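Worksheet: the structure to be examined is printed underneath.
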Amino acid sequence: MIKNIGFDGFFTDHETANSPEEMAHVRNLADKLGLEYETSHATIPGCDTIWSDQEIGEEYLDVLMRNIDNCHANSVPILVVHVQPYVLTASLELGLERLDRAVKYAKAKNVKIAFENINSAEFLFAVMDYFKDDDNVGFCYDCGHEAFYTPDVR
């Protein structure tokens, strides 16, 4: 259906990112249909914990690493990652250090990271500034997120 209406690429949602079997299945379908598997969205549950000063932040970093491994194994060139702070305790410095490890790991696996806007312009701006000179990092703009969460931020 996607191809019939003129599209030649697609992305998969966060449920697929942590399932090597599902991602491989989608990769096979894309190849059969001649579609470009452009991006995968990183696992969403727990994404805000990357900023936590507790062990759950390291646990989510492990999830991101598996998402990156799955992208690499299935030749998906970009992983989209939400940037939003943890609601209980947020450490910008600790989160940036974890994201730095993820970005370096992704680069070694030939996977780019695109940070997506969600509900914290402050954290997104800090992340984008931190990685401003890294050619393996980009920005994924979600107009729905902006309209809902940060309509007046410029």
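Structure summary
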quantity	calculated
Under the Karplus curve 6.51 cos²θ - 1.76 cosθ + 1.60, θ = phi - 60°, whole-Hz ³J(HN,Hα) for region 117-129, x wherever Gly or Pro sits	5, 9, 10, 9, 4, 4, 5, 4, 4, 5, 5, 5, 5
Cut-off under 5 Å, modelled amide H: who pairs with VAL83 long-range	GLU116, ILE118
Student exercise, region 5-46 dipole from Lys, Arg, Asp, Glu Cβ charges, in Debye to nearest 20	60
Over the chain, relative contact order from alpha-carbon pairs under 8 Å, at least 6 apart, %	20
Karplus 3J(HN,Hα) series, Hz, for region 13-29 with 6.51 cos²θ - 1.76 cosθ + 1.60 (x for Gly, Pro)	7, 4, 5, 6, 4, 9, 10, x, 5, 5, 5, 5, 4, 5, 4, 4, 4
Sites ILE56 and HIS14, calculated FRET efficiency, Cβ-Cβ separation with R0 30 Å, nearest 0.05	0.95
Residues whose placed amide H lies under 5 Å from that of LYS112, excluding near-sequence neighbours	ILE78, LEU79
³J(HN,Hα) computed for each position of region 42-58 - Karplus, 6.51 cos²θ - 1.76 cosθ + 1.60, integer Hz, glycine/proline x	4, 3, 8, x, x, 4, 6, 7, 4, 8, 6, 8, 10, 4, 4, x, 5
Debye, to nearest 20: dipole size of the chain, +1 on Lys, Arg Cβ, -1 on Asp, Glu Cβ	500
Amide H contacts of GLU36 (H built 1.01 Å from N, under 5 Å, at least 5 apart or other chain)	GLY9, PHE10
Extension gain, ARG101 back to ARG66 (0.36 nm per residue minus Cα-Cα distance, nm)	11.3 nm
FRET efficiency, 1/(1 + (r/R0)^6) with R0 22 Å, evaluated for LEU29 and ASN4 via beta carbons	0.90
Order by protection proxy (mean Cβ within 10 Å, highest first), peptides 124-135, 11-22, 63-74, 108-119	63-74, 108-119, 11-22, 124-135
Ratio of Rg to Rh over region 71-122 (Cα coordinates, Kirkwood Rh, two decimals)	1.03
Of LEU96, SER75, LEU61, farthest towards positive along the dipole that unit charges on Lys, Arg, Asp, Glu beta carbons give region 7-141	SER75
Solvent-accessible area, 1.4 Å probe, carbon plus sulfur percent, for region 1-85	55
Average accessible area per residue (Å²) across the chain - probe 1.4 Å, nucleic acids and ligands excluded	55
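The values are calculated or read from the model by the stated rules, or taken from the named source; none is laboratory data. From a predicted model like this one, the values you see are computed outputs, not experimental measurements. Using ideal geometry, Cβ is built from the backbone for each residue, glycine included, and neighbour counts are taken over all protein chains shown. Remember, those area values only see protein heavy atoms, side chains included, never the ligands or the DNA or RNA. Shrake-Rupley method; radii C 1.70, N 1.55, O 1.52, S 1.80 Å.
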